[in-house]
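K.L.:
First, the structure itself, so that you have it in front of you.
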Protein chains: 2
Amino acid sequence: LRYDYQQPANQYNDRFILSKGHAVPVFYAALKQIGLVSEQELLSLRKFDSMLEGHPTPRFAFNEAATGSLGQGLSVGLGMAINAQRKSLGYRTYVVLGDGECAEGSVWEAAALAGNDAIPDLIAIVDANRLAQAGTSLDAHEFTRYEAKWAAFGWRVLTIDGHSMVQILGALVEAAAHRQGPVVIIAKTFKGYGAHTMQDKPGFHGKAFKPSEATEIIEQLNAQFPQAHAYTGGMPVPQKPSAVQVKQPTAFAGVHIDALQTAVPLGKSIATRKAFGLALAQLTKDHSDVWTVDADVKNSTYTEFAEVVVPERFIQCYIAEQNMIGVATGLALRGNRPFAATFAAFFSRCFDQIRMAAIGRVPLRLCGSHSGVSIGQDGPSQMGLEDISMLRAVPGSVVLYPSDGVSAYKMVYLMAGYDAGVSYMKTTRAETPVLYDYDEQFPLGGCKVLRSSAADTLLVVAAGITVHEALVAADKLAAEGIAVAVIDAYSIKPLDAATITATARKAGGRVLTVEDHYIQGGLGEAVAAACGPEGLAVHILGVTQVMRSAAPEELLAYAQIDAAAIIAKVHSLR
Amino acid sequence: LRYDYQQPANQYNDRFILSKGHAVPVFYAALKQIGLVSEQELLSLRKFDSMLEGHPTPRFAFNEAATGSLGQGLSVGLGMAINAQRKSLGYRTYVVLGDGECAEGSVWEAAALAGNDAIPDLIAIVDANRLAQAGTSLDAHEFTRYEAKWAAFGWRVLTIDGHSMVQILGALVEAAAHRQGPVVIIAKTFKGYGAHTMQDKPGFHGKAFKPSEATEIIEQLNAQFPQAHAYTGGMPVPQKPSAVQVKQPTAFAGVHIDALQTAVPLGKSIATRKAFGLALAQLTKDHSDVWTVDADVKNSTYTEFAEVVVPERFIQCYIAEQNMIGVATGLALRGNRPFAATFAAFFSRCFDQIRMAAIGRVPLRLCGSHSGVSIGQDGPSQMGLEDISMLRAVPGSVVLYPSDGVSAYKMVYLMAGYDAGVSYMKTTRAETPVLYDYDEQFPLGGCKVLRSSAADTLLVVAAGITVHEALVAADKLAAEGIAVAVIDAYSIKPLDAATITATARKAGGRVLTVEDHYIQGGLGEAVAAACGPEGLAVHILGVTQVMRSAAPEELLAYAQIDAAAIIAKVHSLR
């Protein structure tokens, strides 16, 4: 590695990702040899206050990415390699994979894109030790298979004896010299090599030895590798390849609203997904660290608006959502602000990658379009009725759900400025009327009280498309002489619990939530949890069954989340 | 197809899965030609009362599987092909994929297993039309790439002109004759073939034409394909290949508890994951429709107990969770009761497949082991703190969380008998004391009131490992003179709202939930939603931040979900 160990964030450093995260003690031990980890630190492995966790996490600065859920490291490395390529930074990205994890489809999503786009300076090393946790790995030691697979996916393949230092070094030199595309080194290894009692035997995965066993094994290894035994530590810290230019984060001073004003006059309608696209394009134009990653739906999510503005910060990942998130993670870890967008439903395809990004403290920015039954005829497979639940259950996440173009546009800026974790916005397919003035503010953790009076007998909390249903219901109920308050809970996480509970108390202590989403883990449960300690009465309207193909308004009625359902529920609660 | 159209469930029928589900109108139209769909039905496409939805769903009996989220059909077909192989049923399984969806890693997970296991009578057809939704597909019309990829994954490859009926029929005959492994037919096609205004042009994906445009296009097609124009309908219904033997579902009369009794005497401890394995083995022994699918963790989830009993109903999917769920879906759709198990955390890898199984009304049976911070040192990537949230947000699902060996064992039987949707059990890594007698019953939607008195000032609702913390807390609080009720909410969905609210009312109307899971979408929010209409006060203890590696008891304390945290919270609420 060409690596400035004094500054792990040096943007010219080579990058090393241990995709087979369970092997991380070896990495820690190697860093001890070059003086970056002390003996005391090494022996703190897996203890509460240690930075050395059981699998790689960013609590240890030299862990390039959080791994431990297998098959994800190559996508992250690909994102880093694309960053190097497009900015001509010259660093190389190395990713060590296990043979077992090569059964994960996500590996082949990354391999396919890297091969197709001929990404240089990306070097994968497969530690083909034949044994997985519970048996032999899929391709075990059948090297013609590895070679055929990787070559078919567009990679230069080098197969070596992974226990021969001469072959290892030779392959690394050859891989570094190959600039026409990615290179994979298939290393034939044996698990427990050199420890005769366990070498190439099953049953030792993740097992710690008793002290007496460990002593014997260390003796075997010392006998087998006298040169390693003679090694006394100390290794030159590589010189940094060129002057450090640590990039400063871009300040997000204000919202450039012009693009939205041009697109939609007040009083007219625009789809929130389109407002998202307009804002993303504006951000991309104004901020050099804003990127977009797509999975073949840019003309549905409207990320195509951003591609047109700056094609060199747009990455087409094809229909491969797991790799899309991995690439975004790699870009974000190298100091960029990538947005990844697809249908809300399809974030269920890459939930594990999002989960790992959160563990890695990566500020992913995600937008899920076409959310809810309101998409209509395409049917349940396309609907996205669990995205709020998924994304709320991510530590440090933000979940936003705009009801109109102005709030959608402004909250894209809010996401751009949110660096503390994963931020998610869900958008709607249909056009919705613009509710807010262009200068309305939408702070994180806020909400908008849209209807309120001293006579309120109940508070309706809605978000996204159901805000419009709630307003219709409130107006019809008002005509009947029933006053209800209405809140647009655009910030579902964090939720504005203070305003919601205060408004509810003024409305007879009764709340009715309504959402175009399954009840479980959605807006209603978030409100119920927020109101829980107060002893307020919370009633929830949401989707409870498998949906079907039909017109949007039919499905809003069928799911009992339209204005009529709100009115009926209010009547039933009187 | 050799297909008995009078009985779609005939177990000897060939199977046809349209993995590129958006093309389903073509399938409906084809079935109209052979008289299985009426003109009126065809014209009801995508309407509320129609069985013909926008993407395939089981509301139409000839849709073999719900598709529409891309890249999933091959795994489902693989499960069906394995069913045919292991039962010698002789049917063939055909799966039509788009070229765009071949970028999905899940396709390669399925391809790798089918190739490795040389599964016969599985025929994939790739409709390589070059154009995806937003641009060209990854491999477009580069046929050497398709051929290299599929061959490398162990498939016989036939490349044809997909518009030549002679070549299509020839390839199908050749594929049917090849019994040594799976076969893929790569069909070179053009999107909109024969309609000159749109053939091979982008911008027509998912677009409907105006009536005038449609008329013109139909005229072009009539001119281009006069033979098709002359076709007047009518096609012989294939004869069924042999006598119908529709398998009767096995009755689950009683629980054979002996295996558990042998493994753990009352008063001792056993891990719930081990009790799961013991019950699964017993069920596998007693019921010929119980299968197990694994993703290389059988020695952690203890599904290895089932493998030993009946190896021919055990499928090793290697480290590929998406394909594991797809294979289980295929097996379930062919009348089996497969159980799929991995770490709870890794169900986040296949959430989209689970989502689609629910849309397809498939009774998947899932077990997630090693759930919660209580796994300890392996760290956050392995913890599974969002599984309750995920699995609750699945329509028709059941979510079970046993606290001890008896409840775990018995609830595996409960899952076996649950055919109405996806059932999920989460288990714990550590051993926990047996709380219940062997003859205790655990009905779906029930709970257990473990501590209760007239003096209760609060109800603690726990599940799984926190039940043990809650009992310790209750006993310590009792010693202080503070009486609290304790409920084991083993059935998290459906939740026993009636017992919980009744017990809460008797305990001062106050509830404290505690769970080894993120708060969002978990037990606490489920309880808050259930108690919402009653206006009870609900307080939630759960995980709120990214965890780390440490001893289990340290992490239960750090997450503030241990007995001490419960006691502190109860004190703060007085």
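K.L.:
Quick one: grab Rg to one decimal and Dmax as a whole number for chain B, Cα atoms only, in Å.
P.N.:
26.9, 91
K.L.:
Please state the equivalent ellipsoid semi-axes for segment A:431-574: what are the square roots of 5 times the Cα gyration tensor eigenvalues, largest first, in whole Å?
P.N.:
Result for segment A:431-574: semi-axes of 21, 18, 17 Å.
K.L.:
Please name which of B:HIS196, B:SER407, B:MET390 has its Cα lying farthest along the dipole of chain B towards the positive end, using unit charges on Cβ (Lys, Arg +1; Asp, Glu -1) and the Cα centre as origin.
P.N.:
B:HIS196
K.L.:
Considering only A:ALA463, A:ALA474, A:PRO8, whose Cα is most displaced toward the positive end of the charge dipole of chain A, charges sitting on Cβ of Lys, Arg (+1) and Asp, Glu (-1)?
P.N.:
Ranked along the dipole, the leading option is A:PRO8.
K.L.:
A follow-up question, please. What total accessible area, in Å², is buried where chains A and B meet, using a 1.4 Å probe and rounding to the nearest 100?
P.N.:
7900 Å²
K.L.:
Next question. Mind checking which aspartates and glutamates have their Cα closer than 17 Å to the Cα of B:LYS569? Skip sequence neighbours fewer than 8 apart in that chain.
P.N.:
Partners within reach: A:GLU534, B:ASP456, B:GLU469, B:ASP475, B:GLU480, B:GLU515, B:ASP516.
K.L.:
Please compute the net charge surrounding A:SER19, taking Lys and Arg as +1 and Asp and Glu as -1 over other residues with Cβ under 15 Å from its Cβ.
P.N.:
Once all neighbours under 15 Å are counted, the net charge is -4.
K.L.:
Shifting gears a bit: Just the number please: accessible area per residue for segment B:294-397, 1.4 Å probe, all protein chains included, in Å².
P.N.:
On a per-residue basis, 15 Å².
K.L.:
Which far-off residues, 5 or more places away or on another chain, put their amide H under 5 Å from the one on B:ARG15, with H placed in the peptide plane?
P.N.:
Residues meeting the criterion, in which the H sits 1.01 Å from N, are B:ARG92, B:THR93, B:TYR94.
K.L.:
I've got another one for you. Report, in deg cm²/dmol and to the nearest 500, the calculated mean residue ellipticity at 222 nm for chain B, where each DSSP H run with n ≥ 4 adds -39500 (n - 2.57) and the sum is divided by the residue count.
P.N.:
So the calculated ellipticity at 222 nm is -10500 deg cm²/dmol.
K.L.:
Another question, then. For the pairs A:LYS20/A:LYS285; A:LYS207/B:LYS410; A:LYS285/B:LYS20; A:LYS298/B:LYS201, note any where the Cα-Cα span goes beyond 28 Å.
P.N.:
As for pairs spanning more than 28 Å Cα to Cα, those are A:LYS20/A:LYS285; A:LYS207/B:LYS410; A:LYS285/B:LYS20.
K.L.:
Can you find, among A:ALA30, A:GLY90, A:ALA111, the residue farthest towards the positive end of the dipole of segment A:1-121? Put +1 on the C-beta of Lys and Arg, -1 on that of Asp and Glu.
P.N.:
Most positive-ward Cα: A:GLY90.
K.L.:
Distances from A:PRO443 to the same residue in each other copy, label points 7 Å out along Cα→Cβ, in nm, shortest first?
P.N.:
A:PRO443 label point versus its equivalents elsewhere: 5.1 nm.
K.L.:
May I pose another question? Could you give the dipole magnitude of the protein assembly as shown about its Cα centre, charging the beta-carbon of Lys and Arg +1 and that of Asp and Glu -1, in debye to the nearest 20?
P.N.:
80 debye
K.L.:
Suppose all protein chains stay in the model; what accessible area per residue would a 1.4 Å probe give for segment B:434-574, in Å²?
P.N.:
33 Å²
K.L.:
Something else now. Enter the accessible area per residue of segment B:41-100 (Å², integer; probe 1.4 Å; all protein chains in place).
P.N.:
Accessible surface, normalised per residue, equals 29 Å².
K.L.:
So how strong a dipole does segment A:364-505 carry about its Cα centre when Lys and Arg Cβ are +1 and Asp and Glu Cβ are -1, to the nearest 20 debye?
P.N.:
Dipole size: approximately 320 debye.
K.L.:
Moving on. Which semi-axis lengths, in whole Å and largest first, follow from the square roots of five times the eigenvalues of the Cα gyration tensor of segment B:57-128?
P.N.:
For segment B:57-128, the semi-axes come out at 19, 17, 10 Å.
K.L.:
Moving on. Excluding residues on the same chain fewer than 8 positions from B:LYS506, give the lysines whose Cα lies under 18 Å from its Cα.
P.N.:
Straight-distance partners of B:LYS506: B:LYS448.
K.L.:
May I have the pair-distance distribution P(r) for the protein assembly as shown, computed from all Cα-Cα distances with 20 Å bins from 0 and rounded to whole percent?
P.N.:
Using 20 Å bins, I get a P(r) of 12, 43, 37, 8, 0 for the protein assembly as shown.
K.L.:
Sort A:LEU172, A:LEU89 by accessible area with a 1.4 Å probe, largest first.
P.N.:
Most to least solvent-accessible, the answer reads A:LEU172, A:LEU89.
K.L.:
Just the number, please: Stokes-Einstein D of segment B:1-59 in µm²/s, Kirkwood Rh from C-alpha pairs, 20 °C, 1.002 mPa s.
P.N.:
174 µm²/s
K.L.:
Over 15 Å apart: what share of the alpha carbon pairs of segment B:399-462 falls there, rounded to a whole percent?
P.N.:
57 percent
K.L.:
Could you give the size of the charge dipole of chain A about its Cα centre, using +1 on the Cβ of each K and R and -1 on the Cβ of each D and E, expressed in debye and rounded to the nearest 20?
P.N.:
I would put it at about 620 debye.
K.L.:
Which log10 I(q)/I(0) values does segment A:74-179 give at q = 0.09, 0.15, 0.23 Å⁻¹ under the Debye formula, counting every alpha carbon as one identical point scatterer?
P.N.:
-0.22, -0.63, -1.39
K.L.:
Also, quick follow-up: When we measure straight from the Cα of B:LYS274, which aspartates and glutamates land under 13 angstrom away, once same-chain ones fewer than 8 places off are left out?
P.N.:
List returned: B:GLU304, B:ASP404, B:GLU431.
K.L.:
Related question: More than 14 Å apart: what percent of Cα pairs in segment A:122-194 qualify?
P.N.:
So the pairs more than 14 Å apart make up 59 percent of the total in segment A:122-194.
K.L.:
Determine the distance separating the Cα centre of segment A:514-574 from the Cα centre of segment A:458-498; give it in Å without decimals.
P.N.:
Going from one Cα centre to the other spans 11 Å.
The values are calculated or read from the model by the stated rules, or taken from the named source; none is laboratory data. Here the structure is a predicted model, which is why all the values come from computation and not from measurement. Ideal geometry is used to build each Cβ from the backbone, glycine not excepted, and the neighbour counts take in all protein chains shown. Each accessible area value is taken on the protein alone, full model and side chains, heavy atoms only, with ligands, DNA and RNA left out. Shrake-Rupley method; radii C 1.70, N 1.55, O 1.52, S 1.80 Å.
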